[in-house]
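The structure appears below as structure tokens.
The values are calculated or read from the model by the stated rules, or taken from the named source; none is laboratory data. On a predicted model such as this, the values are computed, not experimentally measured, just so you know. Positions of Cβ are backbone-derived with ideal geometry, glycine not excepted, and every protein chain shown enters the neighbour counts. SASA here: full protein model, heavy atoms, side chains in, ligands and nucleic acids out. Shrake-Rupley method; radii C 1.70, N 1.55, O 1.52, S 1.80 Å.
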Protein chains: 2
Amino acid sequence: MNKPTACIILFLSMLTSSFVKAEDGYRLWLRYDKVQNSTLYNNYRQSVKQMQFNGSSPTLLAAKRELTNALQQMLNLQPALVNSVTSNGTLIVGTPKTSANVAKFSNDIAAAGDEGYFIKSANINGKSCLMIGANTDKGILYGVFNFLKLLQTGQSLQSVAINESPKIKMRVLNHWDNLDRTVERGYAGSSIWKWHKLPGYIDPRYIDYARANASIGINGAVVNNVNASAISLTKDYLIKASALANVFRTYGIKIYLTARFSAPIEIGGLKTADPLDAGVRQWWKDKADEIYKYIPDFGGFIVKANSEGQPGPQTYNRNHVDGANMLADALKPHNGIVMWRAFVYDDKVPDDRAKQAYNEFKPLDGQFSDNVIVQVKNGAIDFQPREPFHPLFGAMRKTPLMMEFQITQEYLGFSTHLVYLAPMFKETLESDTYAKGKGSTVAKDIEGQLDKQTLSGMAGVANIGSDVNWTGHPFAQANWYAFGRLAWNPAQSSEAIADDWLRMTFTQDNSFIKPVKALMLSSRETTVDYMTPLGLHHIMGTGAHYGPGPWVGNLARPDWNPTYYHKADSAGVGFDRTSTGSNAVAQYFPPVRDEFEHIETTPEKYLLWFHHVSWKHTMPSGKTLWQEMVDHYYRGVDSVRNMQKTWSLMQGKIDDARYNEVKQLLAIQEQEAVWWRNACVLYFQSFSKMPIPASYEKPDHDLNYYRNQKLYFLPGTNGVQ
Amino acid sequence: MNKPTACIILFLSMLTSSFVKAEDGYRLWLRYDKVQNSTLYNNYRQSVKQMQFNGSSPTLLAAKRELTNALQQMLNLQPALVNSVTSNGTLIVGTPKTSANVAKFSNDIAAAGDEGYFIKSANINGKSCLMIGANTDKGILYGVFNFLKLLQTGQSLQSVAINESPKIKMRVLNHWDNLDRTVERGYAGSSIWKWHKLPGYIDPRYIDYARANASIGINGAVVNNVNASAISLTKDYLIKASALANVFRTYGIKIYLTARFSAPIEIGGLKTADPLDAGVRQWWKDKADEIYKYIPDFGGFIVKANSEGQPGPQTYNRNHVDGANMLADALKPHNGIVMWRAFVYDDKVPDDRAKQAYNEFKPLDGQFSDNVIVQVKNGAIDFQPREPFHPLFGAMRKTPLMMEFQITQEYLGFSTHLVYLAPMFKETLESDTYAKGKGSTVAKDIEGQLDKQTLSGMAGVANIGSDVNWTGHPFAQANWYAFGRLAWNPAQSSEAIADDWLRMTFTQDNSFIKPVKALMLSSRETTVDYMTPLGLHHIMGTGAHYGPGPWVGNLARPDWNPTYYHKADSAGVGFDRTSTGSNAVAQYFPPVRDEFEHIETTPEKYLLWFHHVSWKHTMPSGKTLWQEMVDHYYRGVDSVRNMQKTWSLMQGKIDDARYNEVKQLLAIQEQEAVWWRNACVLYFQSFSKMPIPASYEKPDHDLNYYRNQKLYFLPGTNGVQ
């Protein structure tokens, strides 16, 4: 897209030297700026005059360092370290092992479990104290970060009483980072892992990465791409990975690696990777033993098998169970886990791409080893701006399922569009599968509550890169943050998470928080409006998944084409997945399947996902489908313009650097929303033959112009266009 | 190479949180920290109490902003802006146009030329003042940066009298940055150019890049790789480039683009790129017109033609003159320049690779248009740790030659080895070609002084990437800095440049400056010792050019192989380039050619470059060649260990962050120096059959171990291994 240079010159005049860069975004939500409210400042200082914090494990020392650094910066305070409580305002931090005072809170300790904590105001020796207690050092670390969050968000400490423990056990970032430092679907520069300099050079950024994750409860990281290189399992690379693991361990984070299924051939010198071959099985056992020699707390493997050209058990006429259980057997002696992905996209073209994972995995339910968890994307297609929940949720009653969300905005405008994803994550989590009747939400399934699973997990495909601000768009940090918060507890609200994030990341000024929070909360719906309203999906430019491409229909495989997904014709638009069509609806439990079976009962937001609908169909609003669709696209653009207006009022409320960056990015988002709107409306109009109301802003180019847009070198594609 | 994890754990304990990151290296040599010496602090404050600085051009405003920001930070001072000189301690900044006081200094103004400046203490209206004067706004910008350097390096302002103007006109960074943000031979992350977000988003880093360059006089930037994509010349990408040009312009930097010779076919739809074809010639004229529409001060093209698979005029049986002059004609109406590279590496295998450029270009001397400058690498092979000067210097008497240095350490340990390159650059610049008798130095040639050329230039292949500290290794910043300083004036000493850089970048503490400066000054010789002593060259691992690979001899083309370059056999080692061999020496003027013709007169450092020498040859030291070579390799390792010892004494004298980073990198350098030493000594021993003295540290592996080392995913190779 061409953008006028005039606005550049305008921006230039706004920008000043950034060597004096107060706010480059590097500090994320852990800024620890001085508390501005003088009442709070004084109250906080009174509350932590002294500190009782014993223990010398690396994790406890890290927690203590975090606490003292933060208090120094926020309160200009260095609490005296004491061994006994002799005055009011003592902060007591510890586990039953390190603190007799904490040990007395047996109920709170019991409730905390392995990873939880409590934060309480309490009377100790007749003195008014604050307690941060936990069973484990890791719990203390989480407790400290959350205690600091109270200060960062301006909460009162007067009668604080918090008991927290995570609802989900494995809270894991998936880095689609290649060993050459390119990042598949990465829009924030290159990989933060400097493999070439490992293990000799430990970038301080690794520590800050671990701190940021620990602050939101993330306890695992898959550091390499699911489209894997076997090289990551060679000795040299295991030693490199162990150096990362050493950093992560202090912060309660386990390292995981992708296992390329054909590794026994590629680096093992075997002739086969057949999971039932004894030599192959032994190779993986030996490899697991070797890994644990270097990384004693190695988390396990994640595997993408028989999908998009990746090798897998089906290559040898075996199934997913054969593959997963072989790796599980190898890891089992070391308590390692296999995360086996259900995102399968094999060589055969299915009648409906949305049905494939269910069809392949449902029959295998109950056959996986107990240290296998199946990782399922939130929806059945692929990280679209909106998808109905994946039908595997609720359907695998004897297999623990791990949620796979995508934090990086592959289909959501890369790192130029402001899209707060918590509402999207929540939409899936709160969907009711009805697997065991009403209330069988997706959240319950992945929490392991539906069928009392031992394993539970949530994965997020990371949006982190080498950009100084980590995520490219300053607001994309919120998506990393929200993922962690929701993995800890899916019940938290998008609004509360946004509120915390904004306060920690920008300012406590409510005249900023309120409008910007509203802007965040509506941003995802806005993006759906200008990209894929009413259940449309996968109509992006193919390959890079950037910009509109609804006209693409010439790729070799039908299900690679946008036309496959929208099926627009002169009669209407949408994919008939009802019993008259692909019958994908049958993969859902009643009453969900019945709801989706009929146009009338299908939620409007999923309409064209499940139905081929006449252009003239009357929508609940009374408008035709065509008019409704046009209105969504136009509303999307209008909403972006409103975001710009809101943002322009924020000048001076926050630092200029981030204000200007977001302002520029919103201008790009507005241009691209217009591009989406015009391209899609003109394209679908070529089928509907119905008018765009004359009062609406007229597209400034014809359809051919948009069809002929050529984009080169889009990020995250590693050569794919 | 495997490194023990024990040391990692040690380092971890040294590292602390870096969210409070005082010194991440981003500020380069423009840190403007508060002046610590109280006498200087007070004197400086007295000297700049007031400021007379008129003018409103973007460049003058940038200079003023730089000055006021720096004075605020260094001196906690906001000088009052005045219109007339009424008190002592007035700083007067301006051109004859903006300042009547400056206009009076007509001699200084005349001496300044287009880009120079003067800085003087002077008596104005009976008041003691400081003057920064120039003919042009750009001269003022340079003057301001150099005035600030006086403060940054602790110079007295009492009777300052500086007249500076550059000896070389085009002082240009060459970025080998691809449009997908990979960087060929880049070891500091990905490209700093975020093409995808251009022109809409202007990264503040672009401004800091321009400031850093302006501070050392760099006035041009080729922003894309010489292995070029024609896409960079499409309208969309020209608009993106124009956004960069808008940033650069303020700081006196012109943007240049690489011209892919086959662009008329690839993006122009023509059937040929024949430079004598009328349609092709018109296409380039039109393209030039288009470029200047977007970038009115576009610098011009750089071209790598008929080299390493790049298309060029020879593809159409034309020569370099045909190609260069066609482009020169297109640029001429707009005052654009063609930088035509002499690094040719075509499909035919020459009898001696070192002779090829001379053979191709010397016959063309005098035929290039007057807006063509031929860009010649410092040596005839390819950016080796040490090369004799390129024989084209001095030989092209009717053609301006531009020096091409490589700042990025392709053959010098990437960004893990501390190698200060100024002594290497100087070695070439001070070489005497004898083209017009004694004193015909390479520096004189590229300054255009040898034959009074109108054009003159020096290019440096940049070592800049997305790493927060720009260059990966903190000390690699010194090589960017030194390049700029030497391009301004090749006569400056390596030591003076290192001294300034250290003071601005680290501290004024002489107990740091003195030992670390010595360490820097010897670092390049150290690297030559452990990599390629005595004139050895191109014995690195092939492709990535990392680590030792003297045994490689199986690549398709003879001159791709290290064995081609060292020609070791049982009799001896080295490439006979004398009259009994390839006679490359004949490309030099007498007496240089005579010096190089004979073993006895060839400088020892170039010995094996020009001669095949018996292992038992007695060296001036009295040792055999074999023993001398072994000693160099061992000395290299010992020197790195001494660097480590020196550095370990610096703890506490500078910030911990950079201290620890360099400490870790030196440990890697030591390991790799040992790797180089052992591999090379063992390999050459397999020919010499002579012993390594028993008292020397024994290689800890055998030759096979080193030969079998497999390295993957080395940076800067874009897939090349």
- Return yes or no: is A:Leu519 assigned to a loop (DSSP other than H, G, I, E, B), surrounded by fewer than 24 Cβ atoms within 10 Å (Cβ to Cβ) and over 17 Å from the mean Cα position of the chain (by Cα)? no
- Could you please tell me which pairs satisfy a Cβ distance under 7 Å, a separation of 6+ or placement on different chains, a first residue in the stretch A:273-294 that is touching a residue at least 40 places away in the same chain (Cβ under 8 Å), and a second residue that is outside any helix (DSSP H, G or I) and of a type in the set (Asp, Glu)? A:Val280/A:Asp274
- Query: Which of the residues spanning the stretch B:201-217 are polar (S, T, N, Q) and in contact with a helix residue (DSSP H, G or I) (Cβ under 6 Å, 6 or more places away or on another chain)?
  - Reply: B:Ser215
- Message: Checking the conditions here, which among A:Pro313, A:Pro350 is surrounded by 23 or more Cβ atoms within 10 Å (Cβ to Cβ) and over 26 Å from the mean Cα position of the chain (by Cα)?
- Response: A:Pro313
- Hey, does the stretch B:169-177 have a residue that's more than 21 Å from the chain's Cα centre (by Cα) and open to solvent by less than 20 Å² (accessible area, probe 1.4 Å)? no
- Yes/no for B:Tyr251 being under 20 Å from B:Asp137 (Cβ atoms), buried (at least 22 other Cβ atoms within 10 Å of the Cβ) and more than 10 Å from every other protein chain (Cβ to nearest Cβ): yes
- Message: Checking A:Ser456 against (1) surrounded by 21 or more Cβ atoms within 10 Å (Cβ to Cβ); (2) under 29 Å from A:Tyr530 (Cβ atoms): exactly one of these is not met. Which one?
- Response: (2)
- Taking only pairs six or more apart or across chains, which ones have beta-carbon atoms under 6 Å, a first residue in the stretch B:661-684 that is more than 14 Å from chain A (Cβ to nearest Cβ), and a second residue that is acidic (Asp, Glu) and surrounded by fewer than 22 Cβ atoms within 10 Å (Cβ to Cβ)? none
- Query: Do we find a residue being within 23 Å of B:Glu404 (Cα to Cα), open to solvent by less than 10 Å² (accessible area, probe 1.4 Å) and aromatic (Phe, Trp, Tyr) anywhere in the stretch B:492-504?
  - Reply: yes
- Taking the stretch B:61-84 and keeping residues crowded, with 20+ Cβ neighbours inside 10 Å and either part of a loop (DSSP other than H, G, I, E, B) or away from every other protein chain (no Cβ under 14 Å) (or both) leaves B:Leu75, B:Pro79
- Query: Hey, does the stretch A:45-53 have a residue that's surrounded by fewer than 19 Cβ atoms within 10 Å (Cβ to Cβ), in contact with a Leu (Cβ under 8 Å, 6 or more places away or on another chain) and either in the same structural domain as A:Asn246 (by TED's automatic domain parsing) or part of a helix (DSSP H, G or I) (or both)?
  - Reply: yes
- Which numbered condition trips up A:Pro490, out of (1) within 14 Å of chain B (Cβ to nearest Cβ); (2) part of a loop (DSSP other than H, G, I, E, B)? (1)
- Task: Report yes if some residue within the stretch B:531-540 is assigned by TED's automatic domain parsing to the domain that holds B:Leu421, on the phi > 0 side of the Ramachandran plot and out of contact with any strand residue (DSSP E or B) (no Cβ under 8 Å at 6 or more places or on another chain); otherwise report no.
- Result: no
- Hey, A:Ile162 away from chain B (no Cβ under 14 Å) and either surrounded by 24 or more Cβ atoms within 10 Å (Cβ to Cβ) or more than 26 Å from the chain's Cα centre (by Cα) (or both) or not: no
- Query: Any residue at all in the stretch A:626-640 that is within 13 Å of chain B (Cβ to nearest Cβ) and out of contact with any helix residue (DSSP H, G or I) (no Cβ under 8 Å at 6 or more places or on another chain)?
  - Reply: no
- Message: Of all residues being farther than 19 Å from A:Phe147 by Cα and not in a helix (DSSP H, G or I) in the stretch A:88-120, which is nearest to the chain's Cα centre (by Cα)? Just the residue, please.
- Response: A:Lys97
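Scanning the stretch B:219-236 for residues that are in a helix (DSSP H, G or I), surrounded by fewer than 23 Cβ atoms within 10 Å (Cβ to Cβ) and touching a residue at least 12 places away in the same chain (Cβ under 8 Å), which turns out farthest from the other protein chains (Cβ to nearest Cβ)?
Going through the stretch B:219-236, the residues in a helix (DSSP H, G or I) turn out to be B:230-233, B:235-236.
Imposing the further condition that a residue be surrounded by fewer than 23 Cβ atoms within 10 Å (Cβ to Cβ) reduces the set to B:230-231, B:235-236.
Remaining after also requiring touching a residue at least 12 places away in the same chain (Cβ under 8 Å): B:230-231, B:235.
Working: B:Ala230: 10, B:Ile231: 5, B:Lys235: 7 Å.
So, considering only residues that are in a helix (DSSP H, G or I), surrounded by fewer than 23 Cβ atoms within 10 Å (Cβ to Cβ) and touching a residue at least 12 places away in the same chain (Cβ under 8 Å), the one farthest from the other protein chains (Cβ to nearest Cβ) is B:Ala230.
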- Qualifying positions in the stretch B:551-597 - more than 24 Å from B:Ser307 (Cα to Cα) and under 29 Å from the mean Cα position of the chain (by Cα): B:Gly574, B:Phe589, B:Val592, B:Arg593, B:Glu595, B:Phe596
- Query: Among A:Lys304, A:Lys235, which is the only one that is of a type in the set (D, E, K, R) and modelled with pLDDT of 95 or more?
  - Reply: A:Lys235
- Note on the structure: For the stretch B:158-188 the number of residues that are within 28 Å of B:Leu238 (Cα to Cα) and not β-branched (Val, Ile, Thr) is 17
- Message: Looking at A:Ala556, A:Ala568, can you tell me which residue is among the aliphatic types (A, V, I, L, M) and farther than 16 Å from A:Ser688 by Cα?
- Response: A:Ala556
- Could you check, for the stretch A:248-257, whether at least one of its residues is farther than 30 Å from A:Gly116 by Cβ, outside any helix (DSSP H, G or I) and of a type in the set (Lys, Arg)? no
- open to solvent by 20 Å² or more (accessible area, probe 1.4 Å) and either assigned by TED's automatic domain parsing to the domain that holds B:Gly217 or under 23 Å from B:Ser165 (Cα atoms) (or both), is that true of B:Ala112? no
- Message: For a quick check of your reading of the model, give me the residue pairs whose first member lies in the stretch A:497-512 and is within 20 Å of A:Asp24 (Cβ to Cβ), whose second is of a type in the set (S, T, N, Q), with beta-carbon atoms closer than 6 Å and at least 6 apart or on different chains.
- Response: A:Arg503/A:Thr153; A:Met504/A:Gln152
- Note on the structure: Checked against (1) open to solvent by 60 Å² or more (accessible area, probe 1.4 Å); (2) over 29 Å from the mean Cα position of the chain (by Cα), B:Glu525 satisfies every condition except (2)
- When the stretch A:685-708 is examined, which residues are found to be within 14 Å of chain B (Cβ to nearest Cβ) and either part of a helix (DSSP H, G or I) or crowded, with 16+ Cβ neighbours inside 10 Å (or both)? A:Tyr705
- Please specify each residue of the stretch B:389-418 satisfying the condition of being in contact with a helix residue (DSSP H, G or I) (Cβ under 7 Å, 6 or more places away or on another chain), away from chain A (no Cβ under 14 Å) and over 22 Å from B:Ile168 (Cβ atoms). B:Leu412
- Query: Assuming B:Leu682 fulfils every condition listed in (1) over 32 Å from the mean Cα position of the chain (by Cα); (2) open to solvent by 60 Å² or more (accessible area, probe 1.4 Å) apart from one, which condition is it?
  - Reply: (2)
